[in-house]
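Read the structure below first, then the notes.
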Amino acid sequence: MLNQQRKRESLNGTMKAAVLYGKEDVKIEKVPIPRLEPGEVLIKVQVALTCGTDLKVYQRGYHARMIQPPALFGHELAGTIEEVGAGVKEFRRGMRVVALNSAPCGVCFFCSKKQPNLCEDLLFNNGAYAEYIKVPRRIVEVNMLRIPDKVSFEAAAMCEPLACVLHGLNETHAERGDSVVVIGAGPIGLMFMQVAKLSGLRVIAVVKRDEQVKDARRFGADETIQITAVDDPITAVRALTPKKRGADVVIEAVGRPQAWQWAVDMVRKGGTVNFFGGCASGTKVELDTQLLHYSQITLKATFHHTPEMVRKAFGLITQNKIHSADYVTGEAPLSHLKEVLRKMVDRSGQIKTAIIPGRN
């Protein structure tokens with residue numbers, strides 16, 4: 001009883017956390033440990049993973065949908081339950097869990113249309129780069145999963161980006177044997193390559209740097225095009241397809257206007273382009289309307305994930321089909337987060353870095 005009382009008293013104190021204040025302005029500070037309302041859960045963060053979205057938020061200083069400064073920062077995490085709020089029945093203290101960064105309401109127009117990723121009241125949760133994070137009731141009920149003992153925290157924390165990738169690939173309606181071009185070899189691009197290969201697709205990777213050629217092949221690319229080694233990436237890609245007609249599916253995973261234009265020129269007649277990489281707000285892209293019309297090209301863009309894809313992603317992880325060691329290529333304590341983000345800006349860092357809040 002005395003130990004429980006001391007534990008509760010300690011949880012009324014402060015914790016170390018990353019706070020986003022604006023463009024490339026993140027500070028590691030002591031902030032109050034969150035207090036729980038009924039239905040909520042407090043997680044002791046064992047690992048938080050870096051990702052491209054966090055890098056964009058760091059560079060831009062905000063995210064229109066997910067985070068407005070000043071705010072706690074980070075969203076890919078796994079940990080152990082430290083405390084549960086009143087009414088929580090499925091989880092208890094000490095459980096190993098992964099908590100997603102959002103949950104839909106389940107009752108709005110878009111949820112009723114089976115598009116929960118577009119929920120009018122999509123509840124986001126940030127604060128993974130911290131010693132503790134509070135998980136809102138809706139996420140506890142909809143998008144928090146218990147981690148099997150055989151699965152590492154690092155692997156479980158990949159559930160969120162993997163769910164986004166699965167949703168993106170699912171929306172292209174690619175069929176086994178189809179060819180898919182993935183533009184970009186960051187963590188998301190590599191994940192698209194791996195998932196596409198697991199789905200029985202022929203993967204063509206379009207990359208920029210030498211090391212990305214090796215990464216793309218390691219993650220399942222059948223062919224690679226290095227844009228710095230060819231005169232025209234579009235011609236080079238089409239040359240790898242039957243009769244140079246183009247790929248069945250092209251996924252843009254960079255978030256650059258030029259790459260969006262390339263994607264349209266790389267796809268075959270009747271094919272599908274997924275503009276997965278989000279460009280900066282206000283970006284305009286010129287597209288050939290005649291090409292789109294007479295070639296009957298489908299243009300799509302997918303956002304976020306759904307509870308269904310979260311569970312499919314978690315299934316791939318627990319079945320050991322996606323390995324964290326392939327992606328998590330570095331570790332750092334929370335105090336080094338700013339240095340890690342700066343290296344990501346310079347593109348000289350790891351594929352993904354595991355931030356360990358409990359490490360000095």
Nearest 10 degrees, 0 to 90: helix 257-266 Cα axis against the chain principal axis: 50 degrees
What angle, in degrees between 0 and 90 and rounded to the nearest 10, separates the Cα long axis of helix 187-198 from the longest principal axis of the Cα atoms of the chain? 70 degrees
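Rank these for me by crowding, Asp178, Asp149, Asp210, going from fewest to most other beta carbons within 10 Å.
Details: Asp178 18, Asp149 6, Asp210 11.
Neighbour counts put them in this order, fewest first: Asp149, Asp210, Asp178.
What's the Cα-based Rg to Rh of segment 286-327, Rh via Kirkwood?
Numbers: Rg = 17.7 Å, Rh = 13.7 Å.
Result for segment 286-327 is an Rg/Rh of 1.29.
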Spin-label point model (7 Å from Cα, Cβ direction): what's the Asn12 to Arg92 distance in nm? 2.6 nm
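How high is the FRET efficiency from Arg359 to Ala325, r the C-beta distance, R0 25 Å, rounded to 0.05?
Values: r = 18 Å, r/R0 = 0.74.
Efficiency, from the Cβ-Cβ distance: 0.85.
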Under DSSP loop assignment and at most 13 Cβ neighbours within 10 Å, longest GluC sites (Glu not before Pro)-free interval of the chain: 176-285
Taking 0.36 nm per residue of separation and subtracting the Cα-Cα distance, what length does fully extending Arg209 through Lys244 add? 10.1 nm
Which semi-axis lengths, in whole Å and largest first, follow from the square roots of five times the eigenvalues of the Cα gyration tensor of segment 231-276? 17, 13, 7
Quick one: angle between helix 2-11 and the longest Cα principal axis of the chain, in degrees between 0 and 90, rounded to 10, please. 50 degrees
For q values of 0.09 Å⁻¹, compute log₁₀ I(q)/I(0) with the Debye formula on a Cα-only model of the chain, without solvent. -0.51
Computed from every Cα-Cα pair in segment 235-306, P(r) in 10 Å bins starting at 0 and rounded to whole percents is 20, 52, 24, 3
D for segment 303-360, whole µm²/s, Stokes-Einstein with Kirkwood Rh over alpha-carbon pairs at 25 °C and 0.890 mPa s: what number? 185 µm²/s
Tell me, what HN-Hα J-couplings in whole Hz come from the Karplus equation 6.51 cos²θ - 1.76 cosθ + 1.60 at θ = phi - 60° for each residue of segment 98-104, using x for Gly and Pro? 10, 10, 6, 8, 7, 7, x
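Per the helix-only calculation at 222 nm, which mean residue ellipticity applies to the chain, given -39500 (n - 2.57) for every DSSP H run of n ≥ 4 and division by its residues, nearest 500 deg cm²/dmol? Numbers along the way, then the final one.
Details: 14 runs with 115 residues, N = 360.
The per-residue figure over the chain is -8500 deg cm²/dmol.
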Amide H of Arg202: which non-local residues (sequence gap of 5 or more, or other chain) have their own amide H closer than 5 Å, using H built in the peptide plane? Gly177, Asp178, Ser179, Val180
Note: segment 59-208, point scatterers on Cα, Debye, no solvent; log10 I/I(0) at q = 0.14, 0.21 Å⁻¹ equals -0.85, -1.35
Which distance in nm do the two modelled labels at Arg311 and Lys27 give, with both placed 7 Å along the Cα-to-Cβ direction? 4.4 nm
Here the gain from full extension of Gln115 to Arg35, 0.36 nm per residue of separation minus their alpha-carbon distance, amounts to 25.6 nm
To the nearest µm²/s, what D does Stokes-Einstein give for segment 172-300 at 37 °C and 0.692 mPa s, using the Kirkwood radius over alpha carbon pairs as Rh? 229 µm²/s
So, with points 7 Å from each Cα along the Cβ direction, the Ser335-Gln290 label distance in nm works out to 6.4 nm
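Laboratory data are not the source of any read-out in this text; all were calculated from the coordinates shown. Remember, it's a predicted structure, so these values are computed and weren't measured experimentally. Methodologically, a virtual Cβ is constructed for each residue, glycine included, from the backbone with ideal geometry; neighbour enumeration extends over all protein chains shown.
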